[in-house]
Amino acid sequence: MIRHLPSALSSARLAAAPALALLIVRNHWTAALACFACIAASDLLDGPLARALHVASPRGARLDIAADLGVVLCGFGAFAILSVYPWWLLLVFGAMFAQFVITSRHARRPIYDPIGKYYGAVLFAVLGVTLAVRDGGLIIALTSAVLAFTVIAIASRMFRLLRAGRRDADPALPRHHLSGYS
Amino acid sequence: MRVKLRRLLQILGVVLAVLVIAGAATMYATNRTHDTPLLVVNQSGRATALVVYQPGLSAFQQEMTDAFLDGLVDVGWRVEVTTVGDRAPQYVAPYGLVVFGGPVYWSSPARPLRRYIAQVKGLHDMPTAIVLTGLGSVKGAKAEAEHLVRAAGGAIVASLALTIMRPNDEEAMRAGERNRVTAARLAREAGRQITPPAR
């Protein structure tokens, strides 16, 4: 039973995403913050718990990513309904997720991507700060920061992909630092 | 150890780049003025009101300014409307009412609006209204705008601070009215409260 706990946490996070959106749209800010705190806690816990229980699996990792994407899309979607964030930001996140999936599938070996690894965490932090602070100037700063981070994350991923491709083509090149895959 | 240090430097570099880009973009977006021509609404109105506003990055400020303007037109004002910029009138004494509008950034009215209020001439004893919009707490910004208008000699007849992320009217919200709809209703009602002088 306990071995299903990490997956249960991820599933609960995915299920809580629409509730978070509803709370935001209806201006229940204290409840939305509490809901977001639970979501963030579950995101922090599920990975380490899966590793501690030796139940980490690709399926669990996919569920974790899907839950994160659900929270990001529901949270920012709700803010877009309120005109806090622009709608096109959702397209940026969708495109970012799509490029992550495509480049992961087409790479012959897992790609070490230290910046892309933190992309989801940055979006979670932006959601949390938006819920807690609520200021127009801050929203502009956060939107710019997210866009800047997106460009850097894409550039980093492309660079890593090219380097991985060159290594595949030339086996003489070192691979010693290919640890901590995303 | 060297790999860890390199990784740390990479992260610091990314954080620094993001902070610099976000800071520059925010400075640009919050200080940018929008130069638009003076539009006239309700040509046959009894007296002329001037509405000068700073559009925000979302449509909220525009919607609330329009709602307030509709209220003024409802009670018979002829309204000249423009945005804070080079084409906004610098001398407002010929008008019967001046309305300043703008978004709240960092708990303060937008900087271009503050600059415009401080430099505009002919505001002495002029009936003046303020329409601010923000996300959360707007009380401080409202007080600051009122202080600026008084310092410029204006007589405040209406002062509104409407928000997206705080209830504008608790009762209306409990009754199921959307916060944005409430804000537009309040803006229009406030415009209707200011009647133009008889000819």
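The values are calculated or read from the model by the stated rules, or taken from the named source; none is laboratory data. Just so you know, these numbers come straight off a predicted model, no measurement behind them. Glycine gets a Cβ as well: all are built from the backbone with ideal geometry, and neighbour counts include every protein chain shown. Calculation scope for accessible area: heavy atoms of the full protein, side chains included, ligands and nucleic acids excluded. Shrake-Rupley method; radii C 1.70, N 1.55, O 1.52, S 1.80 Å.
Below are the figures for this structure:
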quantity: Of B:22, B:59, B:158, the one that fluctuates the most in a GNM where chain B has Cα springs shorter than 10 Å; calculated: B:22
quantity: Amide proton proximity set for residue B:133, modelled H, under 5 Å, gap of 5+; calculated: B:102, B:104, B:162
quantity: Degrees between helix B:2-31 axis and first principal axis of chain B (Cα, 0 to 90, nearest 10); calculated: 10
quantity: Residue mean of other protein chain beta carbons inside 10 Å, A:150-163; calculated: 1
quantity: Cα pair distances of chain A binned at 10 Å [whole percent]; calculated: 9, 33, 33, 19, 5, 1
quantity: Accessible-area value, residue B:111, 1.4 Å probe, nucleic acids and ligands omitted, Å²; calculated: 110
quantity: Protein accessible area in the protein assembly as shown, 1.4 Å probe - carbon and sulfur %; calculated: 64
quantity: Probe 1.4 Å, protein heavy atoms only - accessible area per residue of chain A in square angstrom; calculated: 51
quantity: Per-residue mean of C-beta atoms belonging to partner chains within 10 Å, peptide B:16-23; calculated: 5
quantity: Residue (of B:57, A:74, A:10) at the positive-pole extreme of the protein assembly as shown, dipole from beta-carbon charges; calculated: A:10
quantity: Hits among lysines - C-alpha to C-alpha of residue A:117 under 22 Å, sequence gap 8 or more where chains match; calculated: B:4
quantity: Peptide ranges B:26-37, A:25-36 listed from the most packed, as the mean C-beta count within 10 angstrom indicates; calculated: A:25-36, B:26-37
quantity: Rel. contact order, % - alpha carbon contacts under 8 angstrom, at least six apart, chain B; calculated: 23
quantity: Buried area at the B-A interface (accessible, heavy atoms, 1.4 Å probe, summed, Å²); calculated: 2200
